[in-house]
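Asks: Structure provided below as structure tokens; questions to follow.
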């Protein structure tokens, strides 16, 4: 076996391993969200976080992969008939080498986890049947077009000077602003004062998500290579200092550093490093994580003062955290060995044009995700109804799923 073939085997093995830990992000998100939920709707949150692996996977195989990575139709969307079931692609079945099968599975997980994050905006008040329909419609009309613009040959990737390593736009900003729109259309819960019922579950979920992020960012390197090593390193550092940044803001504001803040800060740092993992050095990753953690902590308090019932903070953590990470690249990007051309932020002599391109990418992504989500949810509410009754809100787990998380007898 020659060296080139051995490397290809190693690349395939790494991507398969990365996919395995990315899959763990789903139960990790379920625990993270579920622990922050009330004890009588934790199972409902588990169900919403997990079921996208079914609903979104189906449509991704039929037409989603084509819409994201297929031949571009005017830069707006990929051809939905491309890659239909991966039929007719000569690479399939070549033993030992990279095939479209790996891309199909890996990008399926990206699509599924993006939709799962939006469940934050539905906490404690959305019909489960409506959630299943919403997950399909939102993936089709929001994520697939954005995925094509960012990951495929869409207009952003082809014509705008912006940097997004692993989905700060299409994954995090889109899900964060989508969750905000969903929460606003649904309206607040009857009882918005419900406290997190299990902080240990929250911290456990954050830890599992952190591990999954190594596969998310490391797997985006598309092989067992230097870029994978580098981005796993920066992902580690940003998660740790994100935790400290959130706690620092809490301590200054309230005098207490909470465990919930620790967990939220970890995710804030991980979100922020996603678009920047290949564009900062270790010191930059440490700084970015801390700044993102503190900034997201501020965003959480700002959202609360406005009375927005998006209680699991996808908007603050993913929406605002993603923006912080993208803008950090613009000003402080510094990476020499991770790309063909060195990445430089404008404060380190980089191209000022990156600022305009990044602002366009951020603005379009956030506006499109928020606006289209608002339209989708409004239409669904008028046609099928999306909110449970006030009586059902009291015990959503039993009402919608016929079970309870805890036996209180």
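Every number here is computed from the coordinates shown, using simple stated rules; none is lab data. The model shown is predicted, which means the values in this text are computed figures rather than measured ones. Counting neighbours? That spans all protein chains shown, and the Cβs are built from the backbone with ideal geometry, glycine included.
Asks: Kirkwood Rh, Cα Rg: Rg to Rh for the range 107-266?
Replies: Computed over Cα atoms, the ratio is 0.99.
Asks: Would you calculate a helix-derived [θ] at 222 nm for the chain, using -39,500 (n - 2.57) for each DSSP H run of n ≥ 4 and dividing by the full residue count, to the nearest 500?
Replies: Taking each H run of at least 4 residues, the total per residue is -20000 deg cm²/dmol.
Asks: Further, regarding this structure: Can you figure out the FRET efficiency of residue 199 with residue 226, using R₀ = 45 Å and their beta-carbon distance, to the nearest 0.05?
Replies: Using R0 = 45 Å, I get an efficiency of 0.70.
Asks: If you build the Cα gyration tensor of the range 259-345 and take the root of 5 times each eigenvalue, what three semi-axes come out, in whole angstrom, biggest first? Walk me through the intermediate numbers first.
Replies: On the way: eigenvalues 148, 26, 17 Å².
They are 27, 11, 9 Å, listed from largest to smallest.
Asks: While we're looking at this one, here's another question. Which whole-number percentage describes the relative contact order of the chain, with Cα contacts under 8 Å and a sequence gap of 6 or more? Working shown, then result.
Replies: Values: 830 pairs, mean separation 93.6, N = 409.
It rounds to 23 percent for the chain.
Asks: As a test of understanding, state the convex hull volume per residue of the range 287-409 from its alpha carbons, in Å³. Please list the in-between numbers first.
Replies: On the way: hull volume 25.6 nm³, N = 123.
So the per-residue Cα hull volume is 208 Å³.
Asks: For the range 198-327, restrict the atom set to alpha-carbon positions and state the Rg and Dmax in Å.
Replies: 14.1, 47
Asks: Give the separation of the Cα centroids, the range 95-160 to the range 280-346, in Å.
Replies: One Cα centre to the other: 21 Å.
Asks: Tell me, Kirkwood radius of the range 34-193 from alpha-carbon pair distances, in Å?
Replies: Computed over Cα pairs of the range 34-193, the Kirkwood hydrodynamic radius comes out at 16.7 Å.
Asks: Here's something else I'd like to know. Over all distinct alpha-carbon pairs, what is the Kirkwood Rh of the range 192-271 in angstrom?
Replies: That comes to 13.5 Å for the range 192-271.
Asks: Here's something else I'd like to know. Can you match P(r) over Cα pairs in 20 Å bins from 0, in percent to one of these, (i) 21, 39, 31, 9, 0; (ii) 24, 53, 22, 0; (iii) 28, 59, 12, 0, based on a calculation from the structure here?
Replies: (iii)
Asks: Starting from the coordinates of the alpha-carbon atoms of the range 1-80, obtain the Kirkwood hydrodynamic radius over all distinct pairs and give the value in Å to one decimal.
Replies: 15.7
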